[in-house]
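Enquirer: I am attaching a structure below and will ask some questions about it afterwards.
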Amino acid sequence: MTRHDVPGHVAIVMDGNGRWAEKRRLSRTLGHQAGLRALRRTAEHGARLGIHTLTVFAFSSENWNRPATEVKRLMELFMGALDKEVKGMHEHGVRVRFIGDPSAFQPELQERMRAAEDLTAGNTRTQLNVAANYGGRWDILQAVRRLAGAARRGEIEPDRIDEETFGGQLALCGTPDPDLFIRTGGEYRISNFLLWQCAYTEFYFSERLWPDFNAEELDRAIDSYRKRERRFGLTGAQVRERANA
Ligand code: IPE
Ligand code: IPE
Ligand code: MG
């Protein structure tokens, strides 16, 4: 068995807010509010464990198709969260980044997102990437469009486009790929999250609904991760040989 350290980058699909609320006969909005508290808890515990980067799926490109009132409440919640949480995160040395297409959000929200990124840009202790209006396919397509444009202008040779050049155009450029992907809510799918970046990520699925996610459940996910052997196409013997070298 190859033991790993704590994963440097954890990606989370925070799923199950709606079901959590419905089970309690509460509005879905209250489920999303409880989800925000779970995010705060998880980010704090992750930082204590030494997880440097956390990338969370907050709103997908497909979530716009939800009922208009739910979308509206979610936007209000994001706005409120930016007002309330950013200062504290900055004091804790968290760098905040948004990945996704911001252009669909209202100008005030876009402005607050930019302000949070600017305020925390110099922080290095931990990084929180929030995927908002994000889709893995959108991310790949916007990279393709930019590279195709550069090729048309003669700035790059199409034959020279490799994984590094391509990855450099993606929303998470400059951040190593996630080591561990966690999805809560008992669903076993990627739902258009980091499609390119999860090529060799370890997956962990939790039955817990996201508002019930806590330090203990994060510890369980990390424990599972640490027991795995990441082979990246090699044989187990090769991996163990290299680990002992
Ligand atoms: C995840 O929880 C949060 C968002 C997608 C915004 P859901 O709202 O998808 O919760 P369920 O899956 O309906 O329980
Ligand atoms: C994925 O959850 C997106 C977020 C957690 C923001 P969904 O609830 O939208 O995913 P599906 O629809 O169950 O695949
Ligand atoms: Mg869901």
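Please treat every number below as a calculation from the coordinates, not as lab data. Bear in mind that the values here come from a model prediction, so they are computed numbers and not experimental data. A quick note on method: Cβ atoms are made from the backbone with ideal geometry, for glycine too, and the neighbour counts reach across all protein chains shown.
Enquirer: When the stretch 175-186 is examined, which residues are found to be away from ligand 1 (no atom under 14 Å from the Cβ) and outside any strand (DSSP E or B)?
Expert: Within the stretch 175-186, 175, 176, 177, 178, 179 qualify.
Enquirer: It is to be established whether one or more residues within the stretch 121-138 are touching a Ser or Thr at 6+ places or on another chain (Cβ under 6 Å) and part of a loop (DSSP other than H, G, I, E, B).
Expert: yes
Enquirer: Scan 49, 26, 30 and give me the residue that is touching a residue at least 40 places away in the same chain (Cβ under 8 Å) and either more than 14 Å from ligand 3 (Cβ to nearest atom) or touching a strand residue (DSSP E or B) at 6+ places or on another chain (Cβ under 8 Å) (or both).
Expert: 49
Enquirer: I'd like the residue in the stretch 187-216 that is within 12 Å of ligand 1 (Cβ to nearest atom) and of a type in the set (S, T, N, Q) and, out of all such residues, is surrounded by the fewest Cβ atoms within 10 Å (Cβ to Cβ).
Expert: 191
Enquirer: Hey, could you check the stretch 1-23 for residues that are among the β-branched types (Val, Ile, Thr) and more than 16 Å from residue 129 (Cβ to Cβ) and say which is nearest to ligand 3 (Cβ to nearest atom)?
Expert: My answer is 6.
Enquirer: Across the stretch 139-170, which residue is nearest to residue 99 (Cα to Cα) among those that are of a type in the set (D, E, K, R) and in a loop (DSSP other than H, G, I, E, B)?
Expert: 162
Enquirer: Name the residues in the stretch 167-213 that are touching a residue at least 12 places away in the same chain (Cβ under 8 Å), of a type in the set (Lys, Arg) and within 12 Å of ligand 2 (Cβ to nearest atom), would you?
Expert: 183
Enquirer: Now for a separate question. Working only within the stretch 191-212, note down all residues that are in a loop (DSSP other than H, G, I, E, B) and over 18 Å from residue 143 (Cβ atoms).
Expert: 191, 200, 201, 206, 207, 208, 209
Enquirer: Within the stretch 23-42, how many residues are within 7 Å of ligand 1 (Cβ to nearest atom) and within 21 Å of residue 188 (Cα to Cα)?
Expert: Total meeting the criteria: 3.
Enquirer: Also, I was wondering about something else. Do you know which of the residues in the stretch 100-117 that are of a type in the set (Asp, Glu) and part of a helix (DSSP H, G or I) is nearest to residue 172 (Cα to Cα)?
Expert: Per the criteria, the residue is 117.
Enquirer: Do you know which of the residues in the stretch 14-70 that are of a type in the set (Asp, Glu) and farther than 20 Å from residue 215 by Cβ is farthest from ligand 2 (Cβ to nearest atom)?
Expert: 22
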